[in-house]
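To keep things clear, I will list the structure first and then write my remarks on it.
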4 protein chains.
Amino acid sequence: MGKSLKHIGVLTSGGDAPGMNAAIRSVVRTCTHHGIEVTGFYEGYQGVIDDNAETLDARAVAHIINRGGTMLRSARCAEFRTREGRQKAYDNLKKRGIEGLVVIGGDGSFTGASLLSDEFDIPVIGIPGTIDNDIYGTDFTIGFDTALNTVVDAVDRIRDTATSHNRLFFIEVMGRDSGFIALNAGIAVGATNILIPEESTELDEVITKLKTGRENGKTSSIVLVAEGEKMGDALFMAEETKKHLPDYDIRVSVLGHMQRGGNPTCADRVLATRLGVAAVEQLMAGHSSVMCGVRNGSVCTVSIHDAISRKPGIDRNLMHIAEIVSL
Amino acid sequence: MGKSLKHIGVLTSGGDAPGMNAAIRSVVRTCTHHGIEVTGFYEGYQGVIDDNAETLDARAVAHIINRGGTMLRSARCAEFRTREGRQKAYDNLKKRGIEGLVVIGGDGSFTGASLLSDEFDIPVIGIPGTIDNDIYGTDFTIGFDTALNTVVDAVDRIRDTATSHNRLFFIEVMGRDSGFIALNAGIAVGATNILIPEESTELDEVITKLKTGRENGKTSSIVLVAEGEKMGDALFMAEETKKHLPDYDIRVSVLGHMQRGGNPTCADRVLATRLGVAAVEQLMAGHSSVMCGVRNGSVCTVSIHDAISRKPGIDRNLMHIAEIVSL
Amino acid sequence: MGKSLKHIGVLTSGGDAPGMNAAIRSVVRTCTHHGIEVTGFYEGYQGVIDDNAETLDARAVAHIINRGGTMLRSARCAEFRTREGRQKAYDNLKKRGIEGLVVIGGDGSFTGASLLSDEFDIPVIGIPGTIDNDIYGTDFTIGFDTALNTVVDAVDRIRDTATSHNRLFFIEVMGRDSGFIALNAGIAVGATNILIPEESTELDEVITKLKTGRENGKTSSIVLVAEGEKMGDALFMAEETKKHLPDYDIRVSVLGHMQRGGNPTCADRVLATRLGVAAVEQLMAGHSSVMCGVRNGSVCTVSIHDAISRKPGIDRNLMHIAEIVSL
Amino acid sequence: MGKSLKHIGVLTSGGDAPGMNAAIRSVVRTCTHHGIEVTGFYEGYQGVIDDNAETLDARAVAHIINRGGTMLRSARCAEFRTREGRQKAYDNLKKRGIEGLVVIGGDGSFTGASLLSDEFDIPVIGIPGTIDNDIYGTDFTIGFDTALNTVVDAVDRIRDTATSHNRLFFIEVMGRDSGFIALNAGIAVGATNILIPEESTELDEVITKLKTGRENGKTSSIVLVAEGEKMGDALFMAEETKKHLPDYDIRVSVLGHMQRGGNPTCADRVLATRLGVAAVEQLMAGHSSVMCGVRNGSVCTVSIHDAISRKPGIDRNLMHIAEIVSL
């Protein structure tokens, strides 16, 4: 295909993440640079099925690099999970003369992409956009760095009040299946305990750590709990802890949806820009069913099948470090 | 007393608020300026009862003007509610030769201050420090402006994700008895509805407003709910709304304790600095049992009795404006 | 005129200020609320002369309340200073059936508005939008609070490095004719000296203050200099000071244009929203040649002639307070 | 030496960088964890020469992980460049029983460290702390990520005003010898041109790029200039450009010292924490004259000699990407 590529589509799918706009901009501008037409589909796969779309030129993506959310909006799409839905989508793509599709999203989005590309002759390239960083084949997903800083900023604020009142806070952060956010943010805010799905921590350990901290003169503490933590959520953990440490002034905070938004950080904008360029270049080179990621500082590709089916592991060394410094 | 004032005490009490440190700094430096010694008591009235205190000079309060929380820490103190507790406190104050006390806090803290000053010959001056802005006799309390900006920043983030997914969010903010935060932040984030304790809104009105918004092309909406809202909390409101608008994608977020922390804004630092100077000058002029506040841009005083017993009203005009612009 | 008002225009003029978008949104939505059509002119008066304009409905101003700059853009317009230019502008307004104009800007913009309204039968209402706060008839201009927080955040950063290196910094902030930014921000960052156009400070006083600070144990210092300071700019002041304090490690920073941008604070958004509603209501009530402002917490009006010809005074009491706490 | 290590020293030297406090905290807590005593020296090598130092325990470094600057302060030290100075320093280290030294700083600081360790029997480990990222042997230096985000935030603000007024801005950022900040921030803010010391750009290219941008509909532009850019500084570049594009509204902003300060980002805190642990472990393992860094996501070491004498290269691929997306 190569230089003959004339027209591609781009969409964002799944949960939104800061930096998705920067990725859209990069895809569009790389196309403009190479003389390729780009159609942006609204609300993920639903927009392909409904042919809800617009041509995007370089100016259409001006002044979005610094904005959270996604200008193409996003949605889950049940219809796309059916063969009929995908057929409709394919027909719309063909009707528009679209020769390749860039999908910015998480693993659910890539599953759809993979099916579409397996069933029909339409090349699909994935760009990992999710705050959770839980995608195999890339060191970082777009939005992760921003979410970390949002969490750290919020917990710093809570730390002000925790310290002023000698309190113990259980703070729940996003991560249904993975502890990347909790682990990194936990180190950055000086959490006494970090509870993540990948590690089985016993309540006893948590209690012991808190007691030791107090003995060492710690007057306030933060426990960071990933949503998917095995023992229970932050509220449950707080209640259990209260039973063993009745004289502690314990509070709970669930950071919630604010973790998804905000202006992307520099790192997320640069990552998104790099992956946008790479995705278009992959299509130009005639590739399909790969995800562009970054590994060891360089842009890489991984088969979209691997990206879906495998799980990235947590860095045990970071757990060890968190343990050491949380005296 | 006047120019003969030689030694005063200062403490922070009740919930912490950004700008309390700036107020402490101002009290201390104003004293230094006038050659008055200052003792800072830790953890509110408990520190006076326990004589947990330290002399503060100009350098002791360096580099705190920009920090959230309170370096003197804060606490509720049951013992101070008893006559015996206050006697102990008074004895400690006398033992140290303290001739006046500046109390930075909310109305609970002022009640204690008022009792102490009524029962014993110790002048007490209040400085309103609370994010809720619910104190009579001042247009603004220290911490309110910072909390507003924290809420607005968090809701802006949620707006990114609301817009990307066409969602309706119920967001709960602080304000157990008052809607100052919800009302001002609600206008600033463009909330469709603002639910506050001072107004009785019917569920019907909320539903109607949301429907009208959608008819006018609004694809996402924010409803800001003050903690003390009469119908119920954000979760309850979301569930009730869901019954009437089953096809809406409704989410709930409770902003929680992060609203209390963070570096104070410029306005809060300036306000705290002004009130700190004023409080010391009140003591120097021989006054007692007054709260220093700001009204119509100028520093004012109000009897601490009024500050405790009366309630500031919400600005109806702001409600009206919120109504107009939330199309 | 009152309820018969059918169509108005709105524009932003002069230097941009954070919150101008919130004001535009408020004007537009208030009009929608009252069934009035609104036309937005691009690039200030130039857009009226060139008839570069667009109808704005409630959705056109969605998601701008939180954005810096102005979606209508702004410009100085030499042509509008001529009678011919204003004639062209008036003709375009009439051609479109526009019955009133809302001008968001500073005093230069109001001078144009005043001329237009004096010469032709077109009512004009001003909304004060400028970061400098230097407009008579309002306690606050739109953008001032945001600029203050931008300055305070930047100086807090510089303070980190000043403290780490025991340095003295001269920091220049905006304010060609007025010291509002320097004075308020100076108090908020704990500046040792604040130099503003309204006060004549001698170099001797600056030197003495710095020496006293050092004797009192201060290891780093900030001097905040308003652009329009009489003795000279920050660089000049630093060089003069160096002659008298040769062993100080002195640095200079000019904050520059970043002071104009950024997401508006809560206070600026609320102010802009209130003034937008008020401006439309003024036109509806048949008024002209007034500026809407805020005084003592309430919306007020002032004749645009006074707004142009008089100067707001600096709060001497704030100077006094700055003096006390900067030990 | 290994497990027998009993007492080490730590200092920060050269320009301060956000995250230095997090590194100090990590060094101290890792020592506490392993039962090693730590002495912190104030103001870099000067503190060693003057024996200006303090024992640091786990509590002494509480609540500093989120603060910019360095609690140990920093300074350049001419005396340490002499053999006599280093002898004094060594004598003081020995007198205190210090068996190893951790130096947090840039390459100037490492040169001193290297000399000390070559001339005397005192092991020294370096931790790269500088916002410039210009140290060989590590992918990232502590402070770089924070500085990038500070620059991006400031330029985003300037972009608001640039867009509102159709202006061209030349913005100067730090980087006397290297373009890491300019290149990464330049991509993140969507700069039209990025001028760095490592690339020789001709004025012609800059002009052409700006003209092309305008032809493509760009109404405002940002040119990011690294301090050490070969053609000249931002002001010079602006003046030269003005000669060729006289009708452009060109402005200049020099971001200056604010780039050094501010609360460290999550990434900088995590990096600093990892390198602090690693540095102590290097000393425990009996190593010396190495710098701990991070490469491809893992902690690594490099001989301090290489860190000083070699230069890290700029990523040419990033230059290419910047070129593509800046249409």
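The values are calculated or read from the model by the stated rules, or taken from the named source; none is laboratory data. Since we're looking at a predicted model, the values are computed, not measured. Cβ placement follows ideal geometry from the backbone for every residue including glycine, while neighbour counts extend to all protein chains displayed.
Just name the residue that is modelled with the highest pLDDT out of those in segment A:1-16 that are of a type in the set (Gly, Ala, Ser) and out of contact with any Lys or Arg (no Cβ under 9 Å at 6 or more places or on another chain).
Out of the qualifying residues, it is A:4.
Is one or more of the residues making up segment B:284-293 among the polar types (S, T, N, Q) and in the same structural domain as residue B:99 (by TED's automatic domain parsing)? Let's see the steps before the verdict.
Our first condition is that a residue be among the polar types (S, T, N, Q); within segment B:284-293, this holds for B:288-289.
Cutting the leftovers down to in the same structural domain as residue B:99 (by TED's automatic domain parsing) gives us B:288-289.
Looking through segment B:284-293, at least one residue is among the polar types (S, T, N, Q) and in the same structural domain as residue B:99 (by TED's automatic domain parsing).
Of (1) buried (at least 16 other Cβ atoms within 10 Å of the Cβ); (2) over 30 Å from residue C:216 (Cα atoms); (3) not assigned by TED's automatic domain parsing to the domain that holds residue C:165, residue C:322 satisfies all except one. Which?
That leaves (2) as the condition not met.
Kindly list the number of the only condition in (1) touching a Leu at 6+ places or on another chain (Cβ under 6 Å); (2) farther than 26 Å from residue C:198 by Cβ; (3) surrounded by 20 or more Cβ atoms within 10 Å (Cβ to Cβ) that fails for residue C:269.
(1)
Which condition breaks for residue D:93 when tested against (1) surrounded by fewer than 20 Cβ atoms within 10 Å (Cβ to Cβ); (2) farther than 22 Å from residue C:166 by Cβ; (3) in contact (Cβ under 8 Å) with a residue 60 or more places away in the chain?
Among (1) surrounded by fewer than 20 Cβ atoms within 10 Å (Cβ to Cβ); (2) farther than 22 Å from residue C:166 by Cβ; (3) in contact (Cβ under 8 Å) with a residue 60 or more places away in the chain, residue D:93 violates only (1).
Could you list all residues from segment D:287-311 that are buried (at least 17 other Cβ atoms within 10 Å of the Cβ) and closer than 30 Å to residue D:224 by Cβ?
D:291, D:293, D:294, D:302, D:307, D:308
Residues in segment B:21-34: is at least one away from chain A (no Cβ under 12 Å) and out of contact with any helix residue (DSSP H, G or I) (no Cβ under 9 Å at 6 or more places or on another chain)?
No, there is no match, as no residue in segment B:21-34 is away from chain A (no Cβ under 12 Å) and out of contact with any helix residue (DSSP H, G or I) (no Cβ under 9 Å at 6 or more places or on another chain).
Quick test of your reading of the structure: residue A:218 fulfils all but one of (1) part of a loop (DSSP other than H, G, I, E, B); (2) in contact with a Leu (Cβ under 6 Å, 6 or more places away or on another chain). Name the failing condition by number.
Result: residue A:218 passes all but (2).
Out of B:262, B:276, I need the residue that is part of a helix (DSSP H, G or I), surrounded by 23 or more Cβ atoms within 10 Å (Cβ to Cβ) and within 9 Å of another protein chain (Cβ to nearest Cβ). Which one?
Just a single option satisfies the conditions, and that option is B:276.
When you scan segment A:105-121, do you find a residue that is of a type in the set (Phe, Trp, Tyr), within 14 Å of another protein chain (Cβ to nearest Cβ) and buried (at least 24 other Cβ atoms within 10 Å of the Cβ), even just one?
Narrowing segment A:105-121 to residues of a type in the set (Phe, Trp, Tyr): A:110, A:120.
Subset that is within 14 Å of another protein chain (Cβ to nearest Cβ): none.
No, segment A:105-121 contains no residue that is of a type in the set (Phe, Trp, Tyr), within 14 Å of another protein chain (Cβ to nearest Cβ) and buried (at least 24 other Cβ atoms within 10 Å of the Cβ).
If you check residue B:10 against the conditions, is it facing another protein chain (nearest Cβ under 10 Å) and either part of a strand (DSSP E or B) or in contact (Cβ under 8 Å) with a residue 12 or more places away in the chain (or both)?
no
Restricting attention to segment C:158-167, does a residue exist that is of a type in the set (Lys, Arg) and more than 14 Å from chain D (Cβ to nearest Cβ)? Full working, then the answer.
Keep residues of segment C:158-167 that are of a type in the set (Lys, Arg), which gives C:159, C:167.
When the remaining residues are screened for being more than 14 Å from chain D (Cβ to nearest Cβ), the result is none.
So far as segment C:158-167 goes, no, none of its residues is of a type in the set (Lys, Arg) and more than 14 Å from chain D (Cβ to nearest Cβ).
Criterion first (of a type in the set (S, T, N, Q) and more than 14 Å from chain D (Cβ to nearest Cβ)) does residue C:133 satisfy it? Break it down into steps so the answer makes sense when it comes.
On the way: of a type in the set (S, T, N, Q): yes; more than 14 Å from chain D (Cβ to nearest Cβ): yes.
Spelling it out, residue C:133 is indeed of a type in the set (S, T, N, Q) and more than 14 Å from chain D (Cβ to nearest Cβ).
Determine if segment D:267-286 includes at least one residue that is of a type in the set (Val, Ile, Thr), free of Cβ contacts under 8 Å to residues at least 24 places away in the same chain and within 24 Å of residue A:186 (Cβ to Cβ).
Yes, segment D:267-286 has at least one match.
Let me confirm something: among D:175, D:179, D:186, which residue is on the phi > 0 side of the Ramachandran plot, away from chain C (no Cβ under 14 Å) and touching a residue at least 40 places away in the same chain (Cβ under 8 Å)? Please lay out each step first, then the result.
Numbers: D:179 fails: on the phi > 0 side of the Ramachandran plot; D:186 fails: on the phi > 0 side of the Ramachandran plot.
Just one listed residue meets the conditions, D:175.
Give the residues of segment C:310-327 that are free of Cβ contacts under 8 Å to residues at least 24 places away in the same chain and either assigned to a strand (DSSP E or B) or of a type outside the set (D, E, K, R) (or both), sorted by residue number.
C:317, C:320, C:324
So residue A:124 passes all but one of these: (1) under 30 Å from residue D:213 (Cα atoms); (2) among the β-branched types (Val, Ile, Thr); (3) touching a strand residue (DSSP E or B) at 6+ places or on another chain (Cβ under 8 Å). Which condition number does it fail?
Single failed check for residue A:124: (1).
Under the condition of being hydroxyl-bearing (Ser, Thr, Tyr) and farther than 22 Å from residue C:78 by Cβ, which residue from segment C:122-143 is surrounded by the most Cβ atoms within 10 Å (Cβ to Cβ)? Explain how you work it out, then say what you get.
So in segment C:122-143, the residues hydroxyl-bearing (Ser, Thr, Tyr) come out as C:130, C:136, C:138, C:141.
After this cut, where a residue has to be farther than 22 Å from residue C:78 by Cβ as well, the list is C:136, C:138, C:141.
Numbers: C:136: 17, C:138: 25, C:141: 28.
Applying the filter and picking the extreme gives C:141.
Would you tally the residues in segment D:32-79 being modelled with pLDDT of 95 or more, among the hydrophobic types (A, V, I, L, M, F, W, C) and in contact with a His (Cβ under 9 Å, 6 or more places away or on another chain)?
Residues that pass the stated criteria total 2.
Residues in segment D:57-66: is at least one free of Cβ contacts under 8 Å to residues at least 60 places away in the same chain and away from every other protein chain (no Cβ under 14 Å)?
Within segment D:57-66, none of the residues are free of Cβ contacts under 8 Å to residues at least 60 places away in the same chain and away from every other protein chain (no Cβ under 14 Å).
One line per residue, one yes/no per condition, for (1) β-branched (Val, Ile, Thr); (2) under 28 Å from residue D:265 (Cβ atoms):
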site	(1), (2)
D:10	yes, yes
D:20	no, yes
D:23	no, yes
D:29	no, yes
D:39	yes, no
D:43	no, yes
D:70	yes, yes
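Keeping to segment C:243-253, report how many residues are more than 7 Å from chain D (Cβ to nearest Cβ) and closer than 13 Å to residue D:256 by Cβ.
Total satisfying the criteria: 1.
Residue-by-condition table, conditions (1) closer than 28 Å to residue B:60 by Cα; (2) in contact with a Gly (Cβ under 7 Å, 6 or more places away or on another chain); (3) touching a residue at least 12 places away in the same chain (Cβ under 8 Å):
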residue	(1), (2), (3)
C:200	no, no, yes
C:209	yes, no, yes
C:221	yes, yes, yes
C:228	no, yes, yes
C:241	yes, no, yes
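Does residue B:154 count as away from chain A (no Cβ under 12 Å), modelled with pLDDT of 95 or more and under 30 Å from residue B:104 (Cβ atoms)?
Criteria not met by residue B:154.
For segment A:53-90, which positions are polar (S, T, N, Q) and buried (at least 17 other Cβ atoms within 10 Å of the Cβ)?
A:66, A:70, A:74
Tell me which residues, restricted to segment A:13-24, are part of a loop (DSSP other than H, G, I, E, B) and among the small types (Gly, Ala, Ser).
A:13, A:14, A:15, A:17, A:19
All but one of (1) closer than 21 Å to residue A:17 by Cβ; (2) touching a strand residue (DSSP E or B) at 6+ places or on another chain (Cβ under 7 Å); (3) away from chain B (no Cβ under 14 Å) hold for residue A:288; state the number of the condition that does not hold.
(1)
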